[in-house]
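What follows is a single structure, written as C-alpha cells, with notes after it.
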Amino acid sequence: MTSLDDLPIRDDLRGRAPYGAPQKSVPVALNVNENTHPIPEAVAHDIVARVAAAILSLNRYPDREFTALRNALAGYLGHGLEAEQLWAANGSNEVLQHILQAFGGPGRKVIGFAPTYSMYGLLASGTGTEWVTAERDADFELSTETAVAAVREHDPDIVLLCAPNNPTGTPLPLDVITSVTDAARGIVVVDEAYFEFADPGTPSALTLLEGRPRLLVSRTMSKAFAFAGARVGYLAGDPAAIDALRLVRLPYHLSALTQSAALGALAHSGEMLAMVDEIRAQRDRISAELARLGFRPYRSGSNFVLFGGVDDPSAVFEALLDRGILIREIGLPGCLRVTAGTEAETTAFLEAIAVFAPAAAE
C-alpha cells in the first residue's frame, strides 16, 4: 500500500502530522474547549428557518462579500467598527490561514509564544512560512519585556498573540499588545477566540485598532456562541488589511448556508451568550477545587483550565476515559487540560479527578 512518504509532497511537510484531538463518543467530553451547552431551542428554530430559506436559492452563488454578515459582525463587536473592517471565513483557522497566505509565505517568518495553539505551526507550514517560537515567562505568563525582546531578536513578518492563550488559558494584558505592535515591523494578530469568557470588564484588543493598520483581531463563533459545528470565524482590522485577504481567499468561500446560520446566531447574540456566565462560574469552580485537591491550576481567562501536579498525565487521562470522561493531554509535563462544561459535567470530572489528587496521596 502506498504511504505518504511515497508521494511527491513538499519536503517541508515530510514527517509532520495533521492537527487532531481525540474524537471519542463518551458521556462527558471536555477535551476540545467546546461550549457544551446546547443552542436554545427557540434560537435553533429561527436558524433552521433562515437556512431553509437559503436552500431555495442554492442554485445561485452566495454573496461573495457576505455583506449582511459583515454588517452583523460589526454590530455585534461595536467599538465603532464598520463592515469594511470585518472579514469572515470557515472558522478562525481559515481566517488565520488567509493572514498567513497574504502576509507570510516562503522567505517570511511568523512568531508565537510557546506553548500556544498547535495549529499556528501547522498553518505556517501549509503556507511555506517559517514558524518560530519564543518562550513565555513563569506560569506561562507573557510580559512586555519578554514579548518585545523576542520580536526584536527574530524580526518576524507576523506576530501571533493568543489572548487568552490556548492551551494555558493565560490572559494577555493590553500593554503587551501595544508594545509588541510598536516594536514589530509586520502584522500583529491577536487571536481572541476565547475572549467572551474573560472576566467582566477585561478590555479587548479591539480597543487598540484605531491608528494601528497592522493590528488584526481574530474571533470565532465556535466557543462562546456554541457554534463549533457551523465553522464561522471572523476578524477585525484596517480596511486595507481586509483587502489583502481578498487576494488569497477562494471564490465564494462562505456558503449561503453558513452565512444564513451565522446571521441567525448573531440576531440572538444575547440568548446565545447567556450561558457564558455559567461557564465562567464552572471554570472558577474547577480552579478552586483543583487547588483544594493539591493540583496546580494556572490562571485562566478562557473556558478551560490547565492544571499541573499530575504525576502521570497519560495514566490519569486513560483512567478518566475509562470512566467516560474525556479531557486533554497536551504534552506539557505533569499537566492536563479540562474544558468547563455544564454543572453536571464539571461535577463528574471533579469527582473522578479527586481519586488522583496529590492531597489524597499524602
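If you build the Cα gyration tensor of the range 132-280 and take the root of 5 times each eigenvalue, what three semi-axes come out, in whole angstrom, biggest first? Working from the Cα gyration tensor, I get semi-axes of 28, 21, 13 Å. Longest span of the chain, sites excluded, free of chymotrypsin sites (Phe, Trp or Tyr not before Pro) in DSSP loop with at most 16 other C-beta atoms within 10 Å? It runs 20-251.
Per the Debye formula on identical point scatterers at the alpha carbon atoms of the range 227-272, with no solvent, log10 I(q)/I(0) at q = 0.13, 0.28 Å⁻¹ is -0.39, -1.07.
Working out 0.36 nm times the residue gap between residue 5 and residue 347, then minus their Cα-Cα distance, what length gain in nm do you get to one decimal? Please list the in-between numbers first.
Details: separation 342, 0.36 × 342 = 123.12 nm, distance 4.56 nm.
Stretched out fully, the residue 5 to residue 347 stretch lengthens by 118.6 nm.
Taking Cα centre as origin and charging only the Cβ of basic (Lys, Arg, +1) and acidic (Asp, Glu, -1) residues, the dipole magnitude of the chain rounds to 800 debye. Along its principal axes, the range 249-316 has C-alpha extents of 50, 29, 18 angstrom, given from the largest down.
The Cα trace of the range 194-244 gives Rg and Dmax of 12.6, 35 Å, the first to one decimal, the second as a whole number. Only DSSP H runs of four or more residues enter the estimate; each adds -39500 (n - 2.57), and after division by the residues of the chain the mean residue ellipticity at 222 nm equals -11000 deg cm²/dmol.
Using only Cα atoms, what is the ratio of the radius of gyration of the range 107-181 to 2.2 N^0.38 Å?
1.02
Computed over the alpha-carbon atoms, the range 93-144 gives an Rg to Rh ratio of 1.02, Rh here being the Kirkwood radius from the mean inverse distance. I want to verify the translational diffusion coefficient of the range 291-362 in µm²/s; compute it with Stokes-Einstein, Rh as the Kirkwood radius over Cα pairs, at 25 °C and 0.890 mPa s. Estimated via Stokes-Einstein, D reaches 200 µm²/s.
So what does log10 I(q)/I(0) come out to for the range 212-362 at q = 0.09, 0.18, 0.19 Å⁻¹, using the Debye formula with one equal point on every Cα and no solvent? At q = 0.09, 0.18, 0.19 Å⁻¹ the computed log10 ratios are -0.42, -1.04, -1.10. Only beta bridges with both residues in the chain are counted; by DSSP, about 45 percent of them are antiparallel. Taking a sphere under 11 Å around the Cβ of residue 90 and counting the other residues whose Cβ falls inside, with K and R at +1 and D and E at -1, yields a net charge of +1.
Using the 1.4 Å probe convention, the accessible area of the range 1-142 works out to 55 Å² per residue with neighbouring protein chains retained. Dipole magnitude for the range 1-60: computed about the Cα centre from +1 point charges on Lys and Arg Cβ and -1 point charges on Asp and Glu Cβ, it is near 120 debye.
Can you check what the Kirkwood hydrodynamic radius comes to for the range 66-120, Cα pairs only, in Å to one decimal?
Details: mean 1/r = 0.0758 Å⁻¹.
One over the average 1/r among Cα pairs gives 13.2 Å for the range 66-120.
A crude spin-label estimate for the pair residue 55 and residue 253, with each label 7 Å from Cα along the Cβ direction, gives 2.8 nm.
How big is the charge dipole of the range 51-155 about its Cα centre, in debye rounded to the nearest 20, if each Lys and Arg gets +1 on its Cβ and each Asp and Glu gets -1 on its Cβ?
Details: 7 positive and 13 negative charges, 105 e Å.
I would put it at about 500 debye.
Taking all pairs of different Cα atoms in the range 1-136, averaging 1/r and flipping that mean, what Kirkwood radius in angstroms comes out?
On the way: mean 1/r = 0.0521 Å⁻¹.
By the Kirkwood definition, the hydrodynamic radius is 19.2 Å.
Extension gain for the segment residue 79 to residue 292, taken as residue separation times 0.36 nm less the Cα-Cα distance, is 72.7 nm to one decimal. Placing pseudo-labels 7 Å out from each Cα toward the beta carbon at residue 210 and residue 175 gives an inter-label distance of 2.2 nm.
Under 15 Å from the Cβ of residue 347, count the other residues' Cβ atoms, weight Lys and Arg +1, Asp and Glu -1, and hand me the total.
Numbers: positive: 283, 285, 292, 323; negative: 278, 284, 289, 343, 345, 351.
Summing Lys and Arg as +1 and Asp and Glu as -1 gives -2.
What fraction of the Cα pairs in the chain, stated in percent, has a spacing above 35 angstrom? Percentage above 35 Å: 26.
The values are calculated or read from the model by the stated rules, or taken from the named source; none is laboratory data. Treat the numbers as computed from the prediction; the structure is a model and nothing was measured. FYI the Cβ positions are ideal-geometry reconstructions off the backbone, even for glycines, and counts take in every protein chain you see. Just so you know, the surface numbers come from the protein's heavy atoms only, side chains and all, with ligands and any DNA or RNA stripped out. Shrake-Rupley method; radii C 1.70, N 1.55, O 1.52, S 1.80 Å.
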